[in-house]
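The values are calculated or read from the model by the stated rules, or taken from the named source; none is laboratory data. Just so you know, these numbers come straight off a predicted model, no measurement behind them. When we count neighbours, we look across all protein chains shown, and the Cβ atoms used for this are built from the backbone with ideal geometry, even at glycine. The protein model used for the area step is the full one, side chains on, heavy atoms only, and it has no ligands, DNA or RNA in it. Shrake-Rupley method; radii C 1.70, N 1.55, O 1.52, S 1.80 Å.
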Amino acid sequence: MKMIKGLITAAIAGALAISFSACESVSYTPYMFDQLRAADYILPKDVQKVIITTTADINVADSSFTYSDPKYTAERLSYAQNMPSMLCSILSTELNNSKFLPNEIVNTEYKSVAAIEVNAEDLCKKHDAQAIIVLESSRYSSYFETAKGQAYSNSIVLMSTLNNRLVFINSNGESRRFETQRDTLRWVANLDMEQGHVQELKDLFPDYKELYYSISEQAAKHISIQLTPSWERRHRSAFGTSSNTMIMATTCVEKGEWDKARDIWAEVITKSKGKGLDAACATANLGLYYEREDNVLESAMWFSKALDIIEANPDNKKIQSIKPRVDMLFKRSIDRQHEKDILDRQMGE
C-alpha cells in the first residue's frame, strides 16, 4: 500500500511539474534611468566660447487672427519681429546653464552672414570667442484646424510653426549651415456653443505675446539640445519568469536593489549552466544592469550571450519571444559605444 501511495504521489508531483512548466511565461518589469546623450553637432575642440547673433528678418504668415483692426494688426506683427532676438536670448541662457558652451549675445552692425564671415576674426577677438552662431533666417506661420476625434468635439486647434536656419562660423570665416529646424506647438481650445454668438478665435487662445514667446522658447531649447550633451530618460523592462529565484530578482528590481538582482541573475546562470528560459532572461538582465551603469562593453557582451542562448533554442517559443527585445538592446548597446566615443570628445575626455 505504501508503494502504491508513493507512486501516486510521484505521479501527482510529475503532473504538477508539467503544469507549472506549461504555465511558465515571461513577465516584464518596467523601470527608468537617465543617460547623458551626445550633442547632435560636434564643434571643433578649440571652441571654448561662442558669439550668438542674428541677421534674420522674420517672415511672418500668421493667419490666426483677423485683420479688421489695423492697430492690433500692426502691434501684433511688430511684436512678431522680436522672435529671432527672443530665440537667441533663450538659446544663450540654455547654453550657459548647461555650462558646456559659454557664449555672449552680440548685436552686430553686420546684416548678413557674408559680412560676418569677412569680419569673423575681428569679431571673435573683440569678444574673446572662437566661433559665431548666427540665426540666418526665421519663418513663422500659424493656422487653425478642426480637432480630430470624439474627445475633441466642439474644439479647434491653433498650429504654430517656426522654421529656423543657423550658421556656424569659425574665427577664420569658414562656415557651415545647420539643417533647417522646424518646431511646432499645438494649442487646443473648446468652443462655447451655448453663448449664442460667434466667438473671436483669437480670444480662445493665449495672448499673442505668449504664443510667440512659447514657440521661440521651444525652438531655442531644441537648438540647445543639438549643440550640447543632455540628459535623456530611458525606459526599459527587466525580464522575469515564474521561477522563485527569478521572482526574487524581480522584487529586487522593483525595490531598486539592482546589485542584489545582479547577484541573483548570476546565480541563475551558473545553476542553469546557461540553458533554458531562466538563463536567457537572467543573461539579458545582466545586460540591462550594465546598461544602467553605462558600461557599454559589459552590456553588449551580456546581450550577445543572451542572443546566443536564444539562437540555441529555435523551437522554444518562450525563449524566442524575447528575441526582438534582446536584439534591439544589443544594437542599442553598439550604438551607445559609438555615442560615448563622441560624448568623450565633446566633454574633453
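Expected output is a single nm value to one decimal: the length gained when fully extending between Gln35 and Phe144, i.e. 0.36 nm times separation in residues minus the C-alpha distance. What is it?
The span from Gln35 to Phe144 would gain 35.5 nm if fully extended.
Would you mind working out the accessible area per residue for the stretch 60-144, using a 1.4 Å probe, and quoting it in Å²?
The answer is 51 Å² per residue.
Computing the accessible area with a 1.4 Å probe over protein heavy atoms, can you report the carbon and sulfur percentage for the stretch 212-349?
50
How long is the gain from Asn82 to Ile342 if the chain were fully straight, where each residue apart is worth 0.36 nm and the alpha carbon distance is subtracted?
Roughly 90.0 nm would be gained on extension.
Sorted from largest down, give the three principal axis spans of the alpha carbons of the chain, whole angstrom values.
Cα spread of the chain along its principal axes, largest to smallest: 105, 65, 32 Å.
Measure nothing but the geometry: give the 0 to 90° angle between the long axis through the Cα atoms of 208-227 and the longest principal axis through the Cα atoms of the chain, rounded to 10°.
60
Quick one: of Lys99/Lys209; Lys221/Lys323; Lys45/Lys221; Lys125/Lys340; Lys99/Lys255, which pairs are farther than 27 Å apart, Cα to Cα?
The pairs that break the limit, which is 27 Å between Cα atoms, are Lys99/Lys209; Lys221/Lys323; Lys125/Lys340; Lys99/Lys255.
Who wins for biggest fluctuation among Ile52, Ile156, Ile105 in a Gaussian network model of the chain, springs between alpha carbons below 10 Å?
Among Ile52, Ile156, Ile105, the largest GNM mean-square fluctuation belongs to Ile156.
For the stretch 88-139, treating each Cα as an identical point scatterer without solvent, what Debye log10 I(q)/I(0) comes out at q = 0.14, 0.23 1/Å?
At q = 0.14, 0.23 Å⁻¹ the computed log10 ratios are -0.39, -0.97.
Among Thr283, Thr180, Thr146, which one shows the biggest mean-square fluctuation in a GNM of the chain, springs joining Cα atoms closer than 10 Å?
The residue that fluctuates most here is Thr146.
Return a whole-number percent for the relative contact order of the chain, with Cα pairs under 8 Å and 6 or more residues apart as the contact set.
21
Share of the stretch 34-182's accessible area from carbon and sulfur, percent, 1.4 Å?
The nonpolar share, carbon plus sulfur, comes to 45 percent.
Using DSSP, restrict attention to beta bridges with both residues in the chain and report what percent are antiparallel, rounded to the nearest 5.
Taking every DSSP beta bridge with both residues in the chain, the antiparallel ones total about 75 percent.
If I model a spin label at His127 and Gln181 as a point 7 Å from the Cα along the Cα→Cβ vector, what separation in nanometres do I get?
1.6
Around Pro84, what is the net charge, scoring Lys/Arg as +1 and Asp/Glu as -1 over all other residues with Cβ under 14 Å from its Cβ?
Residues near Pro84 contribute -1 overall.
How much accessible area per residue does the stretch 242-311 have, counting only protein heavy atoms and a probe of 1.4 Å, in square angstrom?
Per-residue value: 47 Å².
Could you name the aspartates and glutamates in cross-link range of Lys305, using Cα to Cα under 14 Å and dropping any fewer than eight places away on the same chain?
Asp278, Asp327
Taking the chain as the reference, fit the longest principal axis to its C-alpha atoms, fit the long axis of helix 323-346 to the helix C-alpha atoms, and give the angle between the two in degrees, 0 to 90, nearest 10.
That helix lies at roughly 50 degrees to the long axis.
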